[in-house]
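> Before I ask anything, let me first share the structure, which is written out below as structure tokens.
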Amino acid sequence: MALLTNCDWNTRKKHIADIDEWKKKFSVIHELAVSPDGEKISAIIKGDNDRFTPCVNGVTWPHTFEKAWSLRFGCDGRLTCLAMNDDEWTVATDDQMWEEKYDYVWNLQENRDGECIAVNIKTGGQYGVAVNDKRWENIFFEARDLAISPDGEHTAAIVQTERLDGADTVGFLEGVWSVAVDGHRWDKNFTNVWGVTFSCDSRNVAAEVRTDIRDYTIAVDGNPWNTVFRCVWEPLFNPANGDVTAPVQTERGWTLALNGTVIWDKYFNQLWHQRYNPNSQDIAAVVSPKFGKWTIAINGSPWKETFSDAVLPPVFSPDGTRVAAVIKNKGKWTIAVDGQPWDEVFDMIWNPHFSPDGSRIAAKAERGGDFFVVIDGKVGSPFEACWDPVFSPDGKKLLIRSIDDGAYYRRVCSV
Amino acid sequence: MGEPAENAVVDPGLDEQIKKLTSEKIEGVITKVLTEETAARLDVYMRTCVHCGLCAEACHYCLSHDKDPRFSPVGKVKQTLWEILRRKGKVEPEFIRECARIAFTECNVCRRCSMYCPFGIDIAYLLLVVRRICSLLGVVPQYLQDTVNSHAVTSNQMWVKQDEWIDTLQWQEEDTQDEIKDARIPLDKEGAEIMYSVIGPEPKFLAQLLGNIAFIMNVAGIDWTMPSFDGWDNSNMAMYSGDCESRARIERTHDEAAFKLKVKKIVMGECGHAFRGAVYDGPKGLGWKEPPVPLIHAIQFYYELIRDGKVKIVKKFEGPVTVQDPCNVVRGRGLGKMLRYIMRAVCEDFRDVSPRFEHNYCCGAGGGVINCGPSWKSARVKGNSVKAEQLKATGAKVIITPCHNCHSGIEDIINYYKLGMHVKFFSEILVNAMEIPEELKV
Amino acid sequence: MYQFIAGPLVWIAFAVLIVGSMYRIISMLFQAKKDKVVYPYMSLRFSLRSLIHWFVPFAGVNMRRQPEMTVVTFAFHICLICTPIFLLPHNILIYRAWGISWWTLPKGVADVMTLIVVITSLIFLLRRVTSPVVKYVTSPSDYVLLAIAAAPFVTGFLAYHHVLPYKTMSVLHILSGVVMLAAIPFTRLSHMLFFVFTRSYMGSEFGAVRSSKDW
Ligand code: HEM
Ligand code: SF4
Ligand code: SF4
């Protein structure tokens, strides 16, 4: 976040790069990415000799690659991509390549402050995880997905610990999957493992596990809850006390369980994407109170208003007093805040961003091919393209990163 | 009633698994399914059926077996659910094996019979209830169960690992660049108009099809993307094995991929069962009335491309061609007319089939039957001689199957009945018939 | 005795029919809620579209493929339902009880229609014994139901034409009618109640969800 505190919140409009120029210069330009502070724009381009490399504000990296993809700016402003030369894959950050090379890398991720960069890797036909240029000491038959602890000190992945022959359905049910944290596997194996997540203090790991044909539960640090359910979705740690909650399915429907015990007295057709209020024990989640109707429930009480098509994960305001979520109703997207949808609807809308005091909400939206920044339901002027708006730490300014007439601008406006 | 000789098939998924069953376990599971998971439909269908046998006319198994009553839709329900209900779940393991054989390998859950029963009784639903019971008892044909296990782990049908998927796309992107200048398969392009999703066998065995779609998308100038992460597979074998929990998880992963990529719609490859899973039977299990992100089947997508002139046909396919109406997209979603539009647009000599549209015969492979594995193949192919006769009557040399199951199933039928035909996907003839604009030529 | 059979017993039978049918339908409607997918997909337009195609002879493919059965079924059901309603003697009874009456069938026509029910019932019976597909799914109860449906017509015809002792026959006729009415809600004859619902649901699913026809 230091990046945002220290960046330029005064210059009203800054021309950063002329993308139309790039188009004349390079025959291929992949998807554009912009830095969190808006000062940089980049894309992987095809340069001389059909080699690929990122171009940042018009300047290409000296290193070039046979293949490159998954380009992104970290929240500390560093630019990273996955790159291949001579059939060896690695991670490249700000034109620095990792020393370690792999058969394959994917699923590039970073922790909260961007200091830890990790990827899934394949090496010598086996699988693991590499973190900041250092692979786990243990590798596995397979390693899938990746979670990084908030402090960036630990990584976890779903791993296959034993060989499974083709079509060995019996062996499969007995369980060959587990979770490895920093390369060390849990003692127990399960039929399936999904949804690995770290606790807020980075010490514990929870995951959805399946222990039999229709026995699902949550395992925390390898120990399954005592109760099993018909099905479960991703667990989440309570930021305050390390309790684990998860949506669980019982004969009566979906509800929320804490450490294995059902805590909500309401049951739903569906329940997923729980989120904790940063300041209290409140939990908001996406629910379907009736078949084909969707809304947000807070501590099990659904909003009155429901939406026909979809509701995406809820977002709490930093002070925890308000909840917003992207919704889709009768084919159109918008944002609902505390149960009330905005009047304006869109062909697509991105996640809501609260101002630090929670009073304003801004989001990127698209309608009829034009992009907008929408603030509290009011639509701004159209852009060719834009990225999520960013509030200044004092909440008085908004950073808008957009493309107009083929050029990328960084704008700061007061709200 | 004994097992017909041709079906005395060895399948550890059934033979070994029933050895682990006890009568209490069977009764417990059946009671659970009948009380907790079924309601009005099962009850009313069972009460309403007047045992008139009119549905026999619908079923390709029955028609292909000289109207052998054991293969009539109601006959299959009699051998399974009637007994289960009459005996209130007190049945032996061997009986469960019979149920599994009938429900998994002698019914494609194609729903043709619902159009022939005067009451519109959904026999496919009833046999899916039987499959559900078998699945909870762990009695599922081994190969089918293996695809479901793959789904549960990888979210795709074929144990395709995460790196293999991306690697295959990058390889196909390169291959396409040999024909189309700077062709791309854009990965994880947030905000693209379309997410294109496929079924597991494409990257596993038929990577060329991914190249074909890259070819078509690049020529037509479509704003599209494919996810590099799980959710790229739109198929759903759990829907057929009776594993409702896995079915829901698979569909959710597919939907979430589309949410994450912020696409307006999902276009899916030429597959029928995947369409059923993603568009109308799968979403229900999660609480969606309609899929949250609209899904367009390849047939409709090609139809729109041709109709709107986004791809121009310059060299029509020569020689007599016919088509298979896949149950899950034609009876299941009324795409028969669009299918004929694109067939006529791309083929010189299109020979229609009879019966056609929603009355077309199932290929015999769908509904999870082909996924039961090679040991059931002979029974499957023998159970569909009407399909062979129907295809033969068209006089065509090539048959287009806009569905993976139909593709493989009809290939088996062609070989067994020596029809001397070739099976193709529509994209295979489209890429050869369409124009490559000058500026895209290599 | 006869007084009771011809009076209260008939009313009891009607009461059983009405109350029983209502119970069946209401409990089905409640159960359908548990089957979460039923109500959300119901569509009046597609229900009617389907019902019309199944109420009109030869409107559907299977009816055309099996024309004999179509003729027999429609003849059977039309005569089975219309004959008792529009029969002169039944009307007279109703007139005496409630003072209302309606159009009635000419005598000869009523006779023919009764015979059609009897003959088509025999055809159904024959089909059950001879057609392997039907035979395979026939249980004793199917014969009983067919007998229950045909009995009022056989006995009525015999009574009316005094072929056998009138008094006995009319008692039998009333009893068989009573049995039939009372059996409707509790046996597979309840297909009469559920037909509209099952067909509507399939029609809705095919029309609204599947964009297809279900006939
Ligand atoms: C509106 C009311 C009714 C409808 C829509 C209806 C419809 C049908 C249909 C579609 C069939 C199956 C086709 C067939 O066997 O040809 C059938 C069979 C039958 N119906 Fe009805 N029905 C109605 C009322 C009745 C009533 C009131 C009875 C007698 C009490 C009855 C007795 C029978 C019998 C006995 C069969 C079985 C024929 C067999 O043995 O195959 N139906 N009905
Ligand atoms: S295969 Fe099709 S027609 Fe035959 S019983 Fe199954 S759903 Fe009905
Ligand atoms: S056609 Fe319908 S009522 Fe007749 S036997 Fe088949 S399922 Fe039962």
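> Would you confirm, using the coordinates I've provided, whether B:Ala278 is touching a residue at least 24 places away in the same chain (Cβ under 8 Å), open to solvent by less than 20 Å² (accessible area, probe 1.4 Å) and touching a strand residue (DSSP E or B) at 6+ places or on another chain (Cβ under 6 Å)?
yes
> Can you tell me how many residues within the range A:347-361 are buried (at least 22 other Cβ atoms within 10 Å of the Cβ) and either more than 15 Å from A:Asp376 (Cβ to Cβ) or at the interface with chain B (Cβ under 10 Å from one of its Cβ atoms) (or both)?
Of the residues in that region, 2 qualify.
> Can you name the number of the only condition in (1) surrounded by fewer than 23 Cβ atoms within 10 Å (Cβ to Cβ); (2) closer than 24 Å to A:Asn120 by Cβ that B:Gly285 fails?
(2)
> Here are some residues: C:Phe58, C:Phe14, C:Phe4, C:Phe74. Which one is open to solvent by 30 Å² or more (accessible area, probe 1.4 Å) and at positive phi?
Result of the check over C:Phe58, C:Phe14, C:Phe4, C:Phe74: C:Phe58.
> Can you tell me which residue among C:Ser131, C:Ser212 is over 19 Å from C:Leu80 (Cα atoms), within 16 Å of ligand 2 (Cβ to nearest atom) and among the small types (Gly, Ala, Ser)?
C:Ser212
> Only residues that are open to solvent by 30 Å² or more (accessible area, probe 1.4 Å) and among the aliphatic types (A, V, I, L, M): list them for the range A:362-384, please. Working first, answer last.
Our first condition is that a residue be open to solvent by 30 Å² or more (accessible area, probe 1.4 Å); within the range A:362-384, this holds for A:367-371, A:375-376, A:378-382, A:384.
Across the range A:362-384, the qualifying residues are A:Ile375, A:Val379.
> So, one more: Report yes if B:Tyr125 is within 16 Å of ligand 2 (Cβ to nearest atom), at pLDDT 95 or above and under 18 Å from the mean Cα position of the chain (by Cα), otherwise no.
Considered against the rule, which asks whether it is within 16 Å of ligand 2 (Cβ to nearest atom), at pLDDT 95 or above and under 18 Å from the mean Cα position of the chain (by Cα), B:Tyr125 comes out as yes.
> Are there strands (runs of 3 or more DSSP E) fully within the range B:272-354 with at least 3 residues that are within 30 Å of B:Ile414 (Cα to Cα) and outside the structural domain of B:Ser246 (by TED's automatic domain parsing)? List them. Break it down stepwise before answering.
Numbers: elements: B:295-297, B:317-323, B:347-350.
Of the strands (runs of 3 or more DSSP E) lying wholly inside the range B:272-354, those with at least 3 residues that are within 30 Å of B:Ile414 (Cα to Cα) and outside the structural domain of B:Ser246 (by TED's automatic domain parsing) span B:317-323, B:347-350.
> Which one of the conditions (1) at pLDDT below 95; (2) touching a helix residue (DSSP H, G or I) at 6+ places or on another chain (Cβ under 7 Å) does C:Ala150 fail to meet, given that it meets all the rest?
(1)
> Here is a follow-up. Looking at A:Asp145 and the list (1) away from every other protein chain (no Cβ under 11 Å); (2) in contact (Cβ under 8 Å) with a residue 40 or more places away in the chain, which single condition is not satisfied?
Going through (1) away from every other protein chain (no Cβ under 11 Å); (2) in contact (Cβ under 8 Å) with a residue 40 or more places away in the chain one by one, A:Asp145 breaks only (1).
> Go through the range B:197-220 and report how many residues are open to solvent by 10 Å² or more (accessible area, probe 1.4 Å) and outside any helix (DSSP H, G or I).
1
> I'd like to check which helices (runs of 4 or more DSSP H) are fully inside the range C:125-199 and have at least 3 residues that are away from ligand 3 (no atom under 15 Å from the Cβ).
So the answer is C:140-160, C:166-183.
> Any residue that is away from chain C (no Cβ under 14 Å) and in contact (Cβ under 8 Å) with a residue 24 or more places away in the chain - is there at least one of those in the range B:326-333? Step through it out loud before you land on a result.
So in the range B:326-333, the residues away from chain C (no Cβ under 14 Å) come out as none.
No, the range B:326-333 contains no residue that is away from chain C (no Cβ under 14 Å) and in contact (Cβ under 8 Å) with a residue 24 or more places away in the chain.
> Would you be able to tell me the number of residues in the range C:61-71 that are at the interface with chain B (Cβ under 8 Å from one of its Cβ atoms) and either open to solvent by 40 Å² or more (accessible area, probe 1.4 Å) or part of a helix (DSSP H, G or I) (or both)?
Result for the range C:61-71: 4.
> Kindly evaluate B:Ala393 against the criterion of being under 30 Å from B:Ile102 (Cβ atoms) and surrounded by fewer than 18 Cβ atoms within 10 Å (Cβ to Cβ).
Considered against the rule, which asks whether it is under 30 Å from B:Ile102 (Cβ atoms) and surrounded by fewer than 18 Cβ atoms within 10 Å (Cβ to Cβ), B:Ala393 comes out as yes.
> Determine whether A:Ile121 is within 14 Å of chain B (Cβ to nearest Cβ) and at pLDDT 95 or above.
It is true that A:Ile121 is within 14 Å of chain B (Cβ to nearest Cβ) and at pLDDT 95 or above.
> Among the residues of the range B:141-162, count how many are over 16 Å from the mean Cα position of the chain (by Cα) and farther than 17 Å from A:Asn192 by Cβ.
2
> In this structure, is B:Cys113 over 25 Å from B:Asp255 (Cβ atoms), of a type outside the set (Phe, Trp, Tyr) and within 16 Å of ligand 3 (Cβ to nearest atom)?
Yes, satisfied.
> State all residues of the range C:180-196 that are out of contact with any Ser or Thr (no Cβ under 9 Å at 6 or more places or on another chain) and more than 10 Å from ligand 1 (Cβ to nearest atom); if no residue qualifies, say none.
C:Ala182, C:Phe186
> If you don't mind, another one. Within the range B:153-174, can one find any residue that is open to solvent by less than 10 Å² (accessible area, probe 1.4 Å), within 11 Å of chain A (Cβ to nearest Cβ), among the small types (Gly, Ala, Ser) and in contact (Cβ under 8 Å) with a residue 40 or more places away in the chain?
No, there is no match, as no residue in the range B:153-174 is open to solvent by less than 10 Å² (accessible area, probe 1.4 Å), within 11 Å of chain A (Cβ to nearest Cβ), among the small types (Gly, Ala, Ser) and in contact (Cβ under 8 Å) with a residue 40 or more places away in the chain.
> For the range B:22-124, list the helices (runs of 4 or more DSSP H) that sit wholly inside it and hold at least 1 residues that are at the interface with chain C (Cβ under 8 Å from one of its Cβ atoms); which are they?
Correct list: B:40-48, B:60-64, B:73-77.
> Next question, about the same structure. Return the residue satisfying two criteria in turn: it lies in the range B:104-142 and is closer than 19 Å to C:Val37 by Cβ and of a type in the set (Gly, Ala, Ser), and of such residues it is surrounded by the fewest Cβ atoms within 10 Å (Cβ to Cβ).
Across the range B:104-142, the extreme among qualifying residues is B:Ala124.
> Of everything in the range C:17-46 that's among the charged types (D, E, K, R) and in contact (Cβ under 8 Å) with a residue 24 or more places away in the chain, which residue is surrounded by the most Cβ atoms within 10 Å (Cβ to Cβ)?
Among residues in the range C:17-46 that are among the charged types (D, E, K, R) and in contact (Cβ under 8 Å) with a residue 24 or more places away in the chain, the one surrounded by the most Cβ atoms within 10 Å (Cβ to Cβ) is C:Arg24.
> Still on this structure, please answer the following. Out of the range A:111-145, which residues are under 29 Å from B:Gln145 (Cβ atoms) and surrounded by fewer than 21 Cβ atoms within 10 Å (Cβ to Cβ)?
Within the range A:111-145, A:Gly125, A:Gln126, A:Ile139, A:Phe141 qualify.
> Name the single residue that is farthest from the chain's Cα centre (by Cα) among those in the range A:401-415 being open to solvent by less than 20 Å² (accessible area, probe 1.4 Å) and among the hydrophobic types (A, V, I, L, M, F, W, C).
Residue satisfying both the conditions and the ranking: A:Ala407.
> Return only the number of the condition from (1) open to solvent by less than 30 Å² (accessible area, probe 1.4 Å); (2) within 14 Å of chain C (Cβ to nearest Cβ); (3) among the aromatic types (Phe, Trp, Tyr) that B:Phe301 does not satisfy.
Every listed condition holds for B:Phe301 apart from (2).
> Give the residue, chosen from C:Ile123, C:Ile116, C:Ile174, that is under 21 Å from C:Ala13 (Cα atoms) and β-branched (Val, Ile, Thr).
Among C:Ile123, C:Ile116, C:Ile174, only C:Ile174 is under 21 Å from C:Ala13 (Cα atoms) and β-branched (Val, Ile, Thr).
> Of the numbered conditions (1) within 16 Å of ligand 2 (Cβ to nearest atom); (2) β-branched (Val, Ile, Thr); (3) away from every other protein chain (no Cβ under 12 Å), C:Thr114 satisfies every one except a single condition; which is it?
Tallying (1) within 16 Å of ligand 2 (Cβ to nearest atom); (2) β-branched (Val, Ile, Thr); (3) away from every other protein chain (no Cβ under 12 Å), C:Thr114 fails exactly one: (1).
> Are any residues in the range C:185-209 more than 8 Å from chain B (Cβ to nearest Cβ), touching a residue at least 60 places away in the same chain (Cβ under 8 Å) and open to solvent by 40 Å² or more (accessible area, probe 1.4 Å), and if so, which ones?
Selection gives C:Phe186, C:Val196, C:Ala208.
The values are calculated or read from the model by the stated rules, or taken from the named source; none is laboratory data. All values derive from a computational prediction rather than experimental measurement. Positions of Cβ are generated from backbone atoms using ideal geometry, with glycine treated the same way; all protein chains shown enter the neighbour counts. The protein model used for the area step is the full one, side chains on, heavy atoms only, and it has no ligands, DNA or RNA in it. Shrake-Rupley method; radii C 1.70, N 1.55, O 1.52, S 1.80 Å.
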